[in-house]
Amino acid sequence: MKIFVAVIAVLAIVAPTCGVTIDRCTLVKRMYAMGVPKSELPKWACIADRESNYRLHVVGPKNRDGTRDYGVFQINNRWWCKDASGRKTANGCKIACNDLLDNLDNSIKCALTVKKEQGWKAWSTLKFCEGKLPSVNSCF
């Protein structure tokens, strides 16, 4: 019984840090509902897969310049969100970086802002997401 209680206690501590993983169809359906054209959805799905494997809670390791990337689309804190460090950032999405970790809508809105300002080239994984991509039609 003591082992069972110990396992439950460990899970209670670890589980909240595991975060949320969505699937491809959840992402594309939500993006479509938010007005993203169907023609762009395969590329967005590819970026989310390559950047975070559809995990909302991912905070990337420090980049060479000391910044970090947040959420399903790995949005950079230097330009797009305000991290908890108090360091001055551009905060182009006008959002706390942690709000990108647990809210898909926040991540989508910010990613759309990034794309509007910088285009697809803002994502280093773009090279994997060009050309013929799998259709998202089966999600609808």
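Points to keep in mind about this one:
- Identity of the residue in segment 79-127, under 16 Å from H57 (Cα atoms), among the small types (G, A, S) and assigned to a helix (DSSP H, G or I), that ends up nearest to the chain's Cα centre (by Cα): S107
- If you go through segment 34-53 and keep only what is open to solvent by 70 Å² or more (accessible area, probe 1.4 Å) and either part of a helix (DSSP H, G or I) or at pLDDT below 95 (or both), you end up with K38, S39, R50.
- Inclusion of V20 among residues that are modelled with pLDDT under 95, under 14 Å from L104 (Cα atoms) and within 11 Å of the chain's Cα centre (by Cα) is warranted.
- Any hit, segment 107-119, residues being closer than 19 Å to G19 by Cα, crowded, with 17+ Cβ neighbours inside 10 Å and in contact (Cβ under 8 Å) with a residue 40 or more places away in the chain: yes
- Failed condition for S138, given (1) farther than 19 Å from P61 by Cβ; (2) modelled with pLDDT of 95 or more; (3) not in a helix (DSSP H, G or I): (3)
- The number of residues in segment 55-99 being closer than 19 Å to T113 by Cα, open to solvent by 50 Å² or more (accessible area, probe 1.4 Å) and out of contact with any Phe, Trp or Tyr (no Cβ under 7 Å at 6 or more places or on another chain) comes to 7.
The values are calculated or read from the model by the stated rules, or taken from the named source; none is laboratory data. These numbers come from a predicted model, not from an experiment. Positions of Cβ are backbone-derived with ideal geometry, glycine not excepted, and every protein chain shown enters the neighbour counts. Ligands, DNA and RNA are excluded from the accessible area calculation, which covers all protein heavy atoms including side chains. Shrake-Rupley method; radii C 1.70, N 1.55, O 1.52, S 1.80 Å.
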